[in-house]
Structure formats: structure tokens, C-alpha cells
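Just so it is clear, none of the values below were taken in a lab; they were calculated from the coordinates. Remember, predicted model here, so these are calculated numbers, not experimental data. Methodologically, a virtual Cβ is constructed for each residue, glycine included, from the backbone with ideal geometry; neighbour enumeration extends over all protein chains shown.
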């Protein structure tokens, strides 16, 4: 049974359920099937480094090795930041009440959105107080992690009295250039690009 996501606004808590909205639900999907000359379904295989061996699906795997080439388990790894300090994992947002704070349009538009969810009442719990605030063009934000992990994403609540949506993403690193300011390319002067270096298939 799905767990509710508890949102807190002005001291009131609202259990909600979230339904992910993806492109297939909006636009449908197209599935391409390939067949060989005998009409049998074709399957994707991996060519081994020897250039001869074809490896079927499920025949490859990833493994983590230490400096000596010994296989190590993922549970033995510790995440650290660029300074080498240990990163404390964050809990799932479903395990706690998530306090909403007001956000601006600029905050919302500066996000790189990776997921969009439809917000619905959980088991008919009333959320009119929340949607009424959204109907007045209010935007709310909170830190969100679906399953828990190393860091939170930024979640924003938008909508009106009929529908509420939650967008999840990361803060974009925007660099603004003035009208008469020249952009600087990260390249050395002795680099030369020839016609042979250009892949015209990408144009």
C-alpha cells in the first residue's frame, strides 16, 4: 500500500498521494519491433572487446573494484564531498512531515525540473486549505527525497483550487552575460579545428 506524503502548512498537516506524470501518459508511446529476414524477433546484443563474441541481455554486469583490483560491496563504500568530509544520508520525505515555505516565481523558474507529479488527497483527506492557497498564485517549496539518499532535491507546489502539482528538480547554475559582453570560450590558442574533426551527422 502506498504511503502518504505529509505536507505541513501553517501548522496544519495534509496527507497526499503523488502520481508521476510522464510523457507516455501525456502523448502516448511508440514501440519499435525489429525482425530478421526470417521474421523472427531481433534482440539487442553486446559485442565483446574481442570483436567476435555476442553477449545476450543479462550477460554483462558492473562491479566495483578497489585500488588492488579486488571486488568490493556497495555497502562498504562511504560517500564524501569534494573536501573529503563524510556526507550524511538524508531520509525519505515519506518518513516525516514536510514543512512548506513560500517561494518566488524566480525560485521556481531557476530549477532544472526532472519529475512532475499530480498531487491528490490521500484516502480522501481534505486538502482544500492547501489548494486554496495555491489558487491565489502562491508557490511553496520543500526539500524532497523519494527513497532517501545522499542529498535532497528541491520540490515546488503549484496549482489552483482544482489541481495541484509537484515539480522536483535541482537549482540551475545560471551565468548571465550582458548585452555587450563577449563570451569567453574555454580553449587554448594553439588548438586548431579541421574539417576532419567535425561530425556533420550531428548537424
| message | Please state the shape class of the chain: rounded when a/c is under 1.5, otherwise prolate if a/b exceeds b/c and oblate if not, all from the C-alpha gyration tensor. | response | prolate
| said: Using a Gaussian network model on the chain with a 10 Å cutoff between Cα atoms, which of 145, 43, 101 fluctuates the most? | reply: 43
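Over the chain, what relative contact order in percent results from Cα pairs under 8 Å that are six or more residues apart? Can you show the working numbers first?
Values: 278 pairs, mean separation 43.2, N = 203.
Relative contact order, the chain: 21 percent.
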| query | In whole angstrom, how far apart do the alpha carbon centroids of segment 152-170 and segment 37-60 sit? | reply | 43 Å
| task | Under 1.5 on a/c is rounded, so check that first for segment 72-146, then, if it is not, pick prolate when a/b is larger than b/c and oblate when it is not; a ≥ b ≥ c are the square roots of the alpha carbon gyration tensor eigenvalues. | result | prolate
| Of 165, 176, how do they rank once you tally other Cβ atoms within 10 Å and put the fewest first? | 176, 165
| task | First check a/c for segment 10-67, with a ≥ b ≥ c the square roots of the eigenvalues of its C-alpha gyration tensor; if it is under 1.5, answer rounded, and if not, answer prolate when a/b is larger than b/c or oblate otherwise. | result | oblate
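Calculate for the chain the 222 nm mean residue ellipticity that helices alone would give, adding -39,500 (n - 2.57) per DSSP H run of length 4 or more and normalising by residue count, nearest 500 deg cm²/dmol. Present the calculation step by step, with values, prior to reporting the outcome.
Details: 3 runs with 17 residues, N = 203.
Result for the chain, helices only: -2000 deg cm²/dmol.
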